[in-house]
Structure formats: structure tokens, C-alpha cells
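The values are calculated or read from the model by the stated rules, or taken from the named source; none is laboratory data. None of the values given here were measured: they were computed from a predicted structure. Note that each Cβ is placed from the backbone with ideal geometry, even for glycine, and that neighbours are counted across all protein chains shown. Note: areas computed on protein heavy atoms with side chains; ligands, DNA, RNA excluded. Shrake-Rupley method; radii C 1.70, N 1.55, O 1.52, S 1.80 Å.
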Amino acid sequence: MSDTEHQSQNPENPENTSRRKFLGAAALTGLAGAGLATGLAALDPVEAKEEEAEEGGESCKFEVPPGQLDDYYIFSSGGHSGEARIYGSPSGRTLKRIPVFNIDPMVGWGITNESKKVIGTKPDGSLKYITGDTHHIHGSYTDGTYDGKYLWINDKIHGRLARIRMDYMECDKITELPNIQGFHGLFPDKRDPVDPKINHTTRVFCGGEFHVPLPNDGRDLDDPKKWGCLFTCVDAESMEVRWQCKLSGNMDLVATSYDGKLAAANQYNTEGGAVYTDMMSAEHDAVVFFHIERIEAAIKAGKSFTIGDSKVPVVDGTKEANQDPKTALVCYVPVPKNPHGVNITPDGKYFVSSGKLSPTASVTATELVYKWFAGELKNPRDAVVAEPEIGLGPLHTGFDDKGNAYTTLFLDSQIVKWNIDKAIAQFKGDKKIQPVLDRIDVHYQPGHGYTSMGETKEADGKFFNSGNKFSKDRFLPVGPLHVETEQLIDISGDKMKLIHDHTAYPEPHDAIIVRRDLVKTRQIYNMDDFPNAVKNFADSRVERNGNKVTIYLASIAPMYSMTDFKVKKGDEVTIILTNHDKVEDLTHGFAIPKYDICFIVNPQQTASVTFIADKPGLYWCYCTHFCHALHLEMRSRMLVEPA
Ligand code: RUQ
Ligand code: CUA
Ligand code: CA
């Protein structure tokens, strides 16, 4: 970064908008410089004031007063923090962080036995992985809209899919996908492709981004031609991997049709390149469409193979094996160079992918993809019905309820609003038609953008949230690591209007905006759901079995059921704690100094920890979560006697 860029970190510098225009221009020099775009426009203070006033005026309309609730939930990924997050919208209030692939001492995720079991452990009982990189989060569907049952989220680092149950907003299952690396896009199906009676999510589709040797066992390390990428189908309920499909090229984002029959992924590395120059060498890459029904029929008929130690059936979806449309499992639709993102319109008619290296978006008609599969469309490229020029560095698209699309322009630092029907008319030859309707500056360099209910057939055209990758001077400076900017935009009128900024700890990728009536959470656990619950205070005890000691403990504010418990040095100690409080929001904590134990129990919840008592002495076990006027007095003692 240049010096000029550094000066702009001054929070007194009031205006970002005019400088943004420079970012767009500088970005023209290439993608590599995009995040580092330099240059500071001479500020016009008058223009700056006006624009700021305009922004402030709009936000009042959407203010959520103290004590009032938001109309929407935003469920967001947290990037390489490994977690999921919940915000309220339009306020931008942070409501929850859901630990998934990470460790979170606040709730005890990765510390309690219950959470360790979900994450997965090594033979010695330690966690298999402590890192994760979440990008995409999507909800389960019934009738083409969210049913509030599950969320799914990916881990790109280790290739895992996690499920969050939405009643408690906690992760309950994690599945590691075999023979893939760089698991990036995911999408649940919206109904069953085969059984018309099932109108809810039954599968989750996962795209593998990085080419690896198949199997990845140390052979073929220097021969990219022998590497490959797999598309994976996971059962929504059991979370077991159902099947995989080997592809030509890679996968990035994933989308599904409303009839359950198609899944799509954009491919930026059809070249199979191992370095970025090779990955961008071809003029066209593709959006690939999977014929789910045919794939499952092929597997049923035994037309599959396995890879390495994995027992998961794999079908051949490579180009060579799918020349005949009438039997093809996969359709490759060419689109310009290194596309990014793929999203389906709320009416189910079109899949829109963005150009990234091309200033265009490509609109592929669902109907024409089916025609290709039926042998009625010769050239799959003819399924593309529009390719409007929309701006530089287009990445992701959200939709309203009026046939408009909103695409993030990474290089231009803008959101562009364009009309799909107009784009189709223009593509057909009516050059007078201009599909682009509006543009708005965002701060800065947006990645994902998404609309309220926009991934469902209930898209309502109210809000667009821009997830910006750079905040630069947008907030008080806090050192080299910047918070990210999330910007909420009112899309209900002809012109997009910026409502407000809220911060997001690095770094969210994708999110969904869900109407609040679709989300029904529970505030109190059911004690019977925990087989190890300590159901009565009178059951509190120390039970010894050789050198294994179990402590049965309960809590009611402001006390634990035992004032102390004794173990011996070298014992393997398991503490089971059940919270008997039934009052909503009455959570207790439990920490043991020097033993690195810290977790919570919510009302009627049971949690347990296991560790070796390797240090003799007295250890105050205390409540970490403020619960009562006598919260500080809420303690017990672990007495570790010398061996
Ligand atoms: S990808 S910024 Cu990880 Cu969602 Cu497009
Ligand atoms: Cu119990 Cu604080
Ligand atoms: Ca490419």
C-alpha cells in the first residue's frame, strides 16, 4: 500500500465515496492489485457532506428502537474463525456466535465431552482438528422456503460439512467428506428429485474446489493430469455421504433447482491448472449441472466405483464419459473465464453466475438445461440466454421479487441492480435495451451479497446485504487487522439506498436473510434429552471405578449440589453437571483453575468433561456465567489428594 492509502486511515477523513471511485479505476490494472488499490481522490467536502446526510436520513426509517425486535435473522459464516454467526436485521445487532469447527471456551465447545464427540477426536481423546474455515451457510427447505429446521455450513480447510439444529442453534453433526480438498460451495436440495411426496430437503450437495490425486495416498504427486475433484451428496438427516461424482475441472459455489432435480456448480479451473496462470488460461470455463435423478439411478444400477479406503460410491461425471446428453449425468455449460458464484432466481427459471474476470453475468435457463439432457438442445452453450455487461469483478448475485438481480462488483466496489428479462431481450438482439437499472457504492470490495429471503421462492425484495471484504477507513482504526464492513441496502424502491454499516469480525463470507417467523427456537432444554443427566440433587455423588472417578453434580443458582469432592492424583475424572434452573436465560458456568476446564450449562442442560487429575491440591470450581446476586459465591472445590 502506498503512503496515501495509509493517510486515509485517519478516521477524521469524512468521506469514502469519492475515493471509492479511484479504487474501481485502480482495480482495472488487474485482480492481483484489487485489494491493494491505491490512490486517494481529492475530497470535495460539499459532496461528501451531502452524501453523508443522505445516508443518515435513510437509516432512521429502519431503526429498531430499544426493546423492539428485528424482522429478520441473518445467518452468516465466520470464515477462518471456524464459526457461524447470527445477526438481527435491519439493526445489525450481533445475536449469537455458534462455534462449529473452532474451540469456544465461552460455551465449552471443544472442551465438553458432548462437543468433542461432534467435532471428532483422535485415539488419545484430543480433538482431531481445531481449525475450520466456514464460507457458506444454507437452511433446510420445505415448499421452496426455509423450514427453520437445520442450517448447513462448510469447512474448507478439512473438507467437512456441519449441521446446526435451529431449535437450539447448536451444531449437532459434522461429516468429513472423503477424497476431496477445498470443500467450498454447498447447497441443500429443496425437495426430493425422485419421490414427489417429499417436498423438503433430503440431501446436501458439496463442491470440491482443489484437484487432488485420487486417492491422495502419496502417488501421482507431480502429475496434475491424474488429479481430480469430486462433487459430494450428503444425506440431510443421517449426515452420511451418499455418493460422489467425479468431474472434469473443479467446483466453486453450488446451487439447486426448486424441483430437486438439478444441482449446479460454477467452475473456474476447467483447465485443471496447478498455478493461477494456468487456471485462467482458457477463454471459457463452465457452469456444470448435475442430473441428480440419473446419478442416483446409476448408483442403484451399480455403475459406480470407489476410491482408496472410502466405501462411498463414485460415478463418472467427466466430460469424456458424458458425451451423450440422453444418458449424461452432467451437463457442462461454457461461460466466460473464471466465473464465480451461482444462484437460482426465486421463480426457479434461471441460474445466474458471475464473470469475475469477465465484466458479465451469465444467465442459464433451467428449461434449456433439461432440453440438453433430453437431447433436444445441441450445444449446451445455447442454454445461456443472457450475458449482460454489469461491471468489474462481479462475484455474487441476489434477487428481489420483481425480476431484478443485484450483483456484487468486487473491483468496482459497487452493487449493480439489473433486470433479468431486459438482459434476455438485449441478448436476443435488441441492443437498445439497457438491463442495468442502478448502481450503489459500497465500502469496500464486496464479496457476497444476498437479499432478504432471496434464496427462496419467497424473496421479498426488501433488503440486500453487502458483505465487504475491506473496511479500510470506515471505522475507528484498531491496528493492522481491520474489522469487515457489512452494509445493509434498501432495495424496495427503484434506487438502492444505503441504510447502515455494521461491523463483522473477520471474516464472514456468505449469509442468508431469513424472516423471523420462520425461526422457532427453544429457550430451555429437556433434561430427558441427556442420558447422563443428574436428575435429582440427591443423586449428587462421587463414584469410583478403579482409577476412573465420576462426579455427579447439579446446579441451582447460586449453588452447586456438592460443596467439594475428592479425587486422587492420577485419577481419570469425569464431571457431569446438570443445570436444574428452569428460568429462561439462567445459565451457569463451570471452570477449574489449572485444569483448563471452562464450559456452561443452560437451563435443564447437562454437560460433562473428562481429564486426568495430575496436580494435587485444592481447586476452586466456580461459576463463570453471571447468574445471581451470589454468583461470586457459587463455587465448589475439587480436592486432589496425593497418590
Ligand atoms: S466464495 S466472495 Cu468462499 Cu463464497 Cu465468493
Ligand atoms: Cu451460577 Cu454464576
Ligand atoms: Ca479458468
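Can you find a residue that is closer than 26 Å to GLY447 by Cα, of a type outside the set (D, E, K, R) and either open to solvent by 30 Å² or more (accessible area, probe 1.4 Å) or outside any loop (DSSP other than H, G, I, E, B) (or both) anywhere in the stretch 219-228? Looking through the stretch 219-228, none of the residues is closer than 26 Å to GLY447 by Cα, of a type outside the set (D, E, K, R) and either open to solvent by 30 Å² or more (accessible area, probe 1.4 Å) or outside any loop (DSSP other than H, G, I, E, B) (or both). Any residue in the stretch 363-370 that is charged (D, E, K, R) and under 28 Å from the mean Cα position of the chain (by Cα)? Looking through the stretch 363-370, none of the residues is charged (D, E, K, R) and under 28 Å from the mean Cα position of the chain (by Cα).
Of the strands (runs of 3 or more DSSP E) lying entirely inside the stretch 506-582, the ones with 1 or more residues being of a type in the set (Gly, Ala, Ser) are found at 511-515, 548-556.
Taking ALA425 as the residue in question, decide whether it is at negative phi, surrounded by fewer than 18 Cβ atoms within 10 Å (Cβ to Cβ) and not in a loop (DSSP other than H, G, I, E, B). Give the derivation first.
On the way: at negative phi: yes; surrounded by fewer than 18 Cβ atoms within 10 Å (Cβ to Cβ): yes; not in a loop (DSSP other than H, G, I, E, B): yes.
In short, yes.
For the stretch 389-396, the count of residues that are over 20 Å from GLU455 (Cα atoms), of a type in the set (D, E, K, R) and not in a loop (DSSP other than H, G, I, E, B) is nonzero. Checking ASP278 against (1) within 16 Å of ligand 1 (Cβ to nearest atom); (2) in a helix (DSSP H, G or I); (3) of a type in the set (Asp, Glu), only one condition comes out false. Which one? Failed condition: (1). For the stretch 277-293, the candidate set comprises residues that are within 22 Å of PHE231 (Cβ to Cβ) and among the β-branched types (Val, Ile, Thr); within that set, the residue that is surrounded by the fewest Cβ atoms within 10 Å (Cβ to Cβ) is ILE292. Restricting attention to the stretch 401-412, does a residue exist that is acidic (Asp, Glu), surrounded by 23 or more Cβ atoms within 10 Å (Cβ to Cβ) and closer than 29 Å to LYS61 by Cβ? Looking for residues that are acidic (Asp, Glu), surrounded by 23 or more Cβ atoms within 10 Å (Cβ to Cβ) and closer than 29 Å to LYS61 by Cβ, one finds at least one in the stretch 401-412, hence yes.
Out of SER561, SER636, which single residue is farther than 20 Å from TRP109 by Cβ, in contact with a helix residue (DSSP H, G or I) (Cβ under 7 Å, 6 or more places away or on another chain) and in contact (Cβ under 8 Å) with a residue 12 or more places away in the chain?
On the way: SER636 fails: in contact with a helix residue (DSSP H, G or I) (Cβ under 7 Å, 6 or more places away or on another chain).
SER561 is the lone residue from the list that is farther than 20 Å from TRP109 by Cβ, in contact with a helix residue (DSSP H, G or I) (Cβ under 7 Å, 6 or more places away or on another chain) and in contact (Cβ under 8 Å) with a residue 12 or more places away in the chain.
The set of residues in the stretch 264-291 that are more than 10 Å from ligand 3 (Cβ to nearest atom), among the hydrophobic types (A, V, I, L, M, F, W, C) and within 23 Å of ASN379 (Cβ to Cβ) comprises ALA264, ALA265, VAL287, VAL288, PHE289, PHE290.
Just one of the numbered conditions (1) part of a strand (DSSP E or B); (2) under 22 Å from TYR350 (Cβ atoms) is not true of HIS502: (2). Here VAL416 passes the criteria (1) touching a helix residue (DSSP H, G or I) at 6+ places or on another chain (Cβ under 9 Å); (2) outside any loop (DSSP other than H, G, I, E, B); (3) of a type in the set (A, V, I, L, M); (4) open to solvent by less than 30 Å² (accessible area, probe 1.4 Å) except the one numbered (1).
Of the residues LEU411, LEU437, only one is more than 23 Å from PHE290 (Cβ to Cβ) and part of a loop (DSSP other than H, G, I, E, B); which?
Numbers: LEU437 fails: part of a loop (DSSP other than H, G, I, E, B).
After applying the criteria, what remains is LEU411.
Restrict the check to the stretch 514-525 and report whether at least one residue is within 16 Å of ligand 1 (Cβ to nearest atom), under 30 Å from LEU409 (Cβ atoms) and open to solvent by less than 30 Å² (accessible area, probe 1.4 Å). Checking the stretch 514-525: not a single residue is within 16 Å of ligand 1 (Cβ to nearest atom), under 30 Å from LEU409 (Cβ atoms) and open to solvent by less than 30 Å² (accessible area, probe 1.4 Å). Screening PRO531 against (1) within 38 Å of the chain's Cα centre (by Cα); (2) open to solvent by less than 30 Å² (accessible area, probe 1.4 Å); (3) more than 16 Å from ligand 2 (Cβ to nearest atom); (4) not acidic (Asp, Glu) leaves a single unmet condition, (2).
Considering only residues that are within 22 Å of THR364 (Cα to Cα) and surrounded by fewer than 22 Cβ atoms within 10 Å (Cβ to Cβ), look in the stretch 433-446 and name the one that is nearest to ligand 2 (Cβ to nearest atom). So that I can check it myself, show each step before the final result.
Of all residues in the stretch 433-446, those within 22 Å of THR364 (Cα to Cα) come to 433-437.
Narrowing further to those that are surrounded by fewer than 22 Cβ atoms within 10 Å (Cβ to Cβ): 433-434, 436-437.
Numbers: ILE433: 64, GLN434: 62, VAL436: 56, LEU437: 55 Å.
Ranking the candidates gives LEU437 first.
Residues in the stretch 231-249: is at least one within 16 Å of ligand 1 (Cβ to nearest atom), touching a residue at least 12 places away in the same chain (Cβ under 8 Å) and buried (at least 21 other Cβ atoms within 10 Å of the Cβ)? No, the stretch 231-249 contains no residue that is within 16 Å of ligand 1 (Cβ to nearest atom), touching a residue at least 12 places away in the same chain (Cβ under 8 Å) and buried (at least 21 other Cβ atoms within 10 Å of the Cβ).
Mind checking which residues of the stretch 383-413 are hydroxyl-bearing (Ser, Thr, Tyr) and in contact with a helix residue (DSSP H, G or I) (Cβ under 7 Å, 6 or more places away or on another chain)? Even if it seems obvious, please write down each step before you answer.
Within the stretch 383-413, the first condition is being hydroxyl-bearing (Ser, Thr, Tyr), and the residues that meet it are 397, 406-408, 413.
Correct list: SER413 only.
Here is a yes/no grid of residues against (1) open to solvent by 10 Å² or more (accessible area, probe 1.4 Å); (2) at positive phi:
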| site | (1), (2) |
| --- | --- |
| THR345 | no, no |
| LEU377 | yes, no |
| ALA383 | no, no |
| GLY391 | yes, yes |
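Any residue at all in the stretch 258-272 that is within 16 Å of ligand 1 (Cβ to nearest atom), small (Gly, Ala, Ser) and surrounded by 18 or more Cβ atoms within 10 Å (Cβ to Cβ)? Yes, there is a match, as at least one residue in the stretch 258-272 is within 16 Å of ligand 1 (Cβ to nearest atom), small (Gly, Ala, Ser) and surrounded by 18 or more Cβ atoms within 10 Å (Cβ to Cβ). Condition check: assigned to a loop (DSSP other than H, G, I, E, B), open to solvent by less than 20 Å² (accessible area, probe 1.4 Å) and at pLDDT 95 or above. Does GLY67 satisfy that? In short, no.
Output the residue which, of all residues in the stretch 566-620 that are aromatic (Phe, Trp, Tyr) and over 30 Å from the mean Cα position of the chain (by Cα), is nearest to ligand 2 (Cβ to nearest atom). Step through it out loud before you land on a result.
Initially, the stretch 566-620 is screened for residues aromatic (Phe, Trp, Tyr), giving 590, 595, 599, 611, 619-620.
Restricting the remaining residues to those that are over 30 Å from the mean Cα position of the chain (by Cα) gives 590, 595, 611, 619-620.
Numbers: PHE590: 9, TYR595: 19, PHE611: 21, TYR619: 17, TRP620: 13 Å.
The qualifying residue nearest to ligand 2 (Cβ to nearest atom) is PHE590.
The number of residues in the stretch 314-337 that are buried (at least 19 other Cβ atoms within 10 Å of the Cβ) and in contact (Cβ under 8 Å) with a residue 60 or more places away in the chain comes to 7. Restricting the stretch 570-588 to residues that are in contact with a strand residue (DSSP E or B) (Cβ under 6 Å, 6 or more places away or on another chain) and under 13 Å from LEU639 (Cα atoms), which is nearest to ligand 1 (Cβ to nearest atom)? Ranking the qualifying residues of the stretch 570-588, first place goes to VAL573.
Of the residues examined, GLY249 is one that is at positive phi and within 16 Å of ligand 3 (Cβ to nearest atom). Evaluating GLU458 against the criteria (1) touching a strand residue (DSSP E or B) at 6+ places or on another chain (Cβ under 7 Å); (2) open to solvent by less than 30 Å² (accessible area, probe 1.4 Å) leaves one unmet condition, (2).
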